[in-house]
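Student: Okay, handing you the structure first.
Every read-out reported here was derived from the displayed coordinates using simple, explicitly stated rules and does not represent laboratory data. All of these numbers come straight from a predicted model, not from anything done at the bench. A quick note on method: Cβ atoms are made from the backbone with ideal geometry, for glycine too, and the neighbour counts reach across all protein chains shown.
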């Protein structure tokens, strides 16, 4: 549960991979459409409070040369990505004043200007959501924690490929690096 209030001058909403190519896949326990609707509601409240909204997407070069390629036991299946794969879903914008960050791996900090965008705006608290809970959201949350940001992890503004993956991150990882709450909790705290 967040503090009784969140200062919009030092709090940013960071949404991970809510883009056409990622949200097209099945998600649990919240379907992608519900995560998008919840994220859009949060974004509207952050914009109204003049608090930053940062939309993070994943994209790679056409030749795939900037993709992670280390050997792994369970590789992603090779597939041709649609041309609109990395487009932010229209329900989120981006709107004027939003920041769009493009990443090349799960986490949103390494190799991007996310930290710079946050620090130059005086942000100390990140409200985090997106898809998938245990990949992009968790990787970003871990990096944010190591950089000293306070974290609010919005359970109903994220989802995973399976309900078990989502539940594990919420029960075992997130409570150790931040505070887990609902979108309604965040909206009340932001507008208090």
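Student: Restricting to Cα atoms and excluding each atom paired with itself, what does the Kirkwood estimate give for region 78-119 in Å? Let's see the in-between values first.
Tutor: Details: mean 1/r = 0.0812 Å⁻¹.
That comes to 12.3 Å for region 78-119.
Student: Same structure again: Which translational diffusion coefficient, to the nearest whole µm²/s, is obtained for the chain from the Stokes-Einstein equation, given a Kirkwood hydrodynamic radius over C-alpha pairs, 20 °C and 1.002 mPa s?
Tutor: Details: Rh = 16.6 Å.
This corresponds to a translational diffusion coefficient of 129 µm²/s.
Student: Continuing with the same structure: Can you compute the helix-only [θ] at 222 nm over the chain? Use -39500 (n - 2.57) per DSSP H run of at least 4 residues, normalise by all residues, nearest 500 deg cm²/dmol.
Tutor: -8000 deg cm²/dmol
Student: On to the next question. Given points 7 Å out from each Cα along the Cα-Cβ axis, report the residue 171 to residue 37 separation in nanometres with one decimal.
Tutor: 2.7 nm
Student: Quick check: the angle from helix 32-48's long axis to the longest principal axis of the chain, C-alpha only, nearest 10 degrees?
Tutor: Orientation of helix 32-48: about 40 degrees from the principal axis.
Student: Right, another one. When only alpha-carbon atoms are used, what values of Rg and Dmax, in angstrom, describe region 87-141?
Tutor: My reading of the Cα-based Rg and Dmax gives 11.7, 30 Å.
Student: Based on the mean of other beta carbon atoms within 10 Å per residue, what is the order of 161-174, 35-48, most packed first?
Tutor: With the highest mean Cβ count within 10 Å placed first, the list reads 35-48, 161-174.
Student: For residue 75 and residue 121, compute 0.36 nm times the residue count separating them, minus their Cα-Cα distance, and round to one decimal in nm.
Tutor: Full extension of this stretch gives 12.8 nm more.
Student: Turning to a different aspect of this structure: Roughly how compact is region 58-163, stated as its Cα Rg over 2.2 N^0.38 Å to two decimals?
Tutor: The reported ratio for this selection is 1.15.
Student: Could you quote the convex hull projected area for region 11-71, Cα atoms only and averaged over all directions, in nm²?
Tutor: 6.1 nm²
Student: For a label point 7 angstrom out from the Cα of residue 162 toward its Cβ, which stretches of region 102-138 have the backbone nitrogen within less than 15 Å?
Tutor: 133-135
Student: Take every Cα-Cα pair in region 132-192 and report what % of them are more than 18 Å apart.
Tutor: 32 percent
Student: Hey, with R₀ at 41 Å, roughly what FRET efficiency would residue 192 and residue 67 work out to, going by the Cβ-Cβ distance, to 0.05?
Tutor: Values: r = 43 Å, r/R0 = 1.05.
Plugging the Cβ-Cβ distance into 1/(1 + (r/R0)^6) gives 0.40.
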